[in-house]
Amino acid sequence: MANTLRELIGWKLVFGVSGPDADDRTVSLFRETGARGLILYRRNFRSAEQVKKLLSGLEEKLGWKLLVCLDHEGGRVVFPGEGVTVFPDNYAFGLLGDAETVRRQGEIEGAELSALGINVNFSPVCDIIGDVYNPGILSRSYSKSPEAVSRFIKERIRGTQSRGVSATVKHYPGKGHATVDAHLGLPVIQSTLKEMEDFHLKPFFAALEAGVECVMSSHPLYANIDSEVPATFSYKIMTELLRGKYGYKGVIVSDDLEMGALTKYGGAGDAIVKADKAGHDLLLVCHATDAQNRSYHSLLKAYEDGTLDRKLLEKSVERIKTLHAKRPARFEGKLGPLPEGALIARKAAGAAATVLNKGNFDIPVRLAQYAGKKAVLVYPRFADLEETLMWEPEVKELDSWFLSRDFARGFKPELCRVPLNPDENAVLQAARQLDGAELAVVFVWDAGLFEGWRRVLEAAQSKAKNCVVILLRDFFDARFAAPAALAATAYGFRKCQLEAVCEKVFKGA
C-alpha cells in the first residue's frame, strides 16, 4: 500500500489530456498529481502508431504504469480513426437479436482495444430506451426490453473481458427514461426504487452476474430514491445500494465530473470530493487542466482535514490495484481491425435498416426517374465535429459517397450542405434551394436537439413535391416527418448504417 496521501489519491484520478503527444504540460500534470488513470478522446488520436507512442512515452517519462481508459461503444461513440472496427449502434444489434453475435462483437472489440493499449472500456450502455424522447441515450441502448438488454449486456461483457479489456456498464442506476442530456443539464427522474429494480436496474443485475469489472454511475437526480443530490453524489445509491444491497465488489467509476448536470453543485473541486464520499473509486476529470489540478488539491485537503476517511481511501485503492493487476499488458496482440468485424457490422446494420413511414413513395425509390428534374440533396456538414467525433473517410463528405453509389447513377441533384447546428442564414439558404424541387433527399442530423434542422426539414417537406428523409443521429426525429414523406433509418450514421438504409430505400434490398 502506498504511504502518502498523494500516492493514494493518484490511484483514483483519471484525467484526459489535450492532444496527441506526451508534452511537458501533460507530464507535469501527472507528476504533480500522481494520477494513474488516463482517458483518451478523439483529440488524442491521429493514428494507431501515434497512440502507442503517446502511451509508451508518457509511461516512460512518469515511471509508472497507467490505467488507460476509452469510451468505445460503437455507433455514435467511437474515437479511434484506425485500428478498430466501426460497429453500428447498440440498437442495431438489438434489432438483430442475436446474443452470440454481440458476444463476438465484444471479443473483437477487446482484442482490437488491447492491441491499441487500452485497459478499460467504458462500455456497454445498460440503459433501457423508452417511448419518451431521451437525447442522451437514443440508439446507444440495445432495446426497450429489460430482458433483451440484460441478455446482450452479459454477452458483450464476457466477450470484451475474455480478450484482455475490462468492461464498464453504465449509467447506473439507469437513465434510459431521462428527458435531459446530462452533458447539458440535470435530468430529474421520478421513478421509485422498486420501479427501478423491477425495470431499469435489471441489466445492471445481469452485468454483476456476468462478472463485470467496472460500473459507471450517472448524473441524474433520482427524486424518489435520494431527493438531495444526483446519483453521482449519493452515498445511498452508490454505497448503500450498489455495494450493500446488490453486493458489488468491483470498481465504481464516476462519469465525467465536468458535465453540465453537476454545475449547480459547484465546480470540479467540489464535485470530486462529493463523488469520492459517495463511494466512487475512479474519479474522472476529462478535459480542463485547471479543473484537474483543483480536483487533486480539493481531494488532498479533504483527506487532510478529515472530511474524507483515509481508511476508506485505502480500501478503494486496493480495489483499483486489483483492477490494474488484471490488466498488466500493454499493446497485446496484432494491431488493426479484425476482418470478421466488418461482416458483423454489416449484418447488424442490415437488420436495423427500417422504413418508418412509406409516405407517397413506392419502394425502391428510383432516383434515375428524377434525371433532368430539379432535385436537392440536403446533408450535414460533418466537418463541424471533426475534432470531437471520428468520421470514416468514405462518408466524411456525404454527398460524394451518396452520388458514387450505383443507385444514384445519373442522379444530379443540387447540393445543400447544412451545418450541424444551422443558424438562420443556413435555414434560409436551404429553403431557397429547395423551392420548386421535384425531389428532396434529406439526411437529417438531429432535429430534436437543433431547431435549425427541424426548420430545414420543414422547408424540404413544404417546398419540394416529394421528400425522402433519412434519419441519422436521432430516430425520434421521425415525429417531424410529414405523412407524405418517406422516412427511414438504420439507427445511426456510421458507414455500414448509411449503406444499409440507402440500400433499403433506393434498391429495395
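A short reminder: the numbers here are calculations on the coordinates, not readings from a lab. Bear in mind the structure is a predicted one, so any value in this text is a computation, not a measurement. As a convention, Cβ positions derive from the backbone with ideal geometry for all residues, glycine included, and neighbour counts pool all protein chains shown.
Within 10 Å of each residue's Cβ, count the other Cβ atoms and sort 200, 183, 324, 219 from fewest upward.
Details: 200 23, 183 14, 324 19, 219 28.
Arranged by neighbour count, lowest to highest, 200, 183, 324, 219 become 183, 324, 200, 219.
When GluC sites (Glu not before Pro) are flagged only if DSSP places them in a loop and at most 12 other Cβ atoms lie within 10 Å, the longest unflagged stretch of the chain comes out as 1-227. Measuring nothing but how far apart in sequence close Cα pairs (under 8 Å, 6+ apart) lie, relative to its length, the stretch 41-98 scores a relative contact order of 35 percent.
Stokes-Einstein diffusion for the stretch 7-326, with the hydrodynamic radius set to the Kirkwood value over Cα pairs and evaluated at 25 °C in a medium of 0.890 mPa s, equals 126 µm²/s. Contact order for the chain, expressed relative to its length and based on alpha carbon pairs under 8 Å spaced 6+ residues apart, stands at 16 percent. Ordering 33, 44, 287 by Cα displacement along the dipole of the stretch 7-326 toward the positive end leaves 33 in first place; charges were set at the Cβ atoms of Lys, Arg (+1) and Asp, Glu (-1). Ranking 420, 401, 448 by how far each Cα lies toward the positive end of the dipole of the stretch 353-507 (charges on Cβ) leaves 401 at the top.
Net charge dipole, the stretch 353-507: roughly 640 debye, given to the nearest 20, about the Cα centre with Cβ charges of +1 for Lys and Arg and -1 for Asp and Glu. In the structure displayed, which of 245/274; 12/301; 249/321; 52/170 lie more than 18 Å apart, Cα to Cα? Table pairs above 18 Å Cα-Cα are 245/274; 52/170. Under 19 Å from the Cα of residue 311, which aspartates and glutamates turn up, not counting those fewer than eight places away in the same chain? Result set, ordered by chain and number: 7, 240, 276, 281. Only DSSP H runs of four or more residues enter the estimate; each adds -39500 (n - 2.57), and after division by the residues of the chain the mean residue ellipticity at 222 nm equals -11000 deg cm²/dmol. Using a cutoff of 8 angstrom between alpha carbon atoms and counting only pairs six or more residues apart, the relative contact order for the stretch 271-407 works out to 15 percent. The magnitude of the dipole of the chain, with charges of +1 and -1 set on the Cβ of Lys/Arg and Asp/Glu and taken from the Cα centre, is near 720 debye. The shape of the stretch 271-371 comes out prolate: with a ≥ b ≥ c from the C-alpha gyration tensor, a/c is at least 1.5 and a/b beats b/c.
Straightening the chain between residue 310 and residue 400 buys 26.5 nm, computed as 0.36 nm per residue apart minus the Cα-Cα spacing.
For the pair residue 24 and residue 412, a Förster radius of 45 Å applied to the C-beta separation gives a FRET efficiency near 0.25, rounded to the nearest 0.05.
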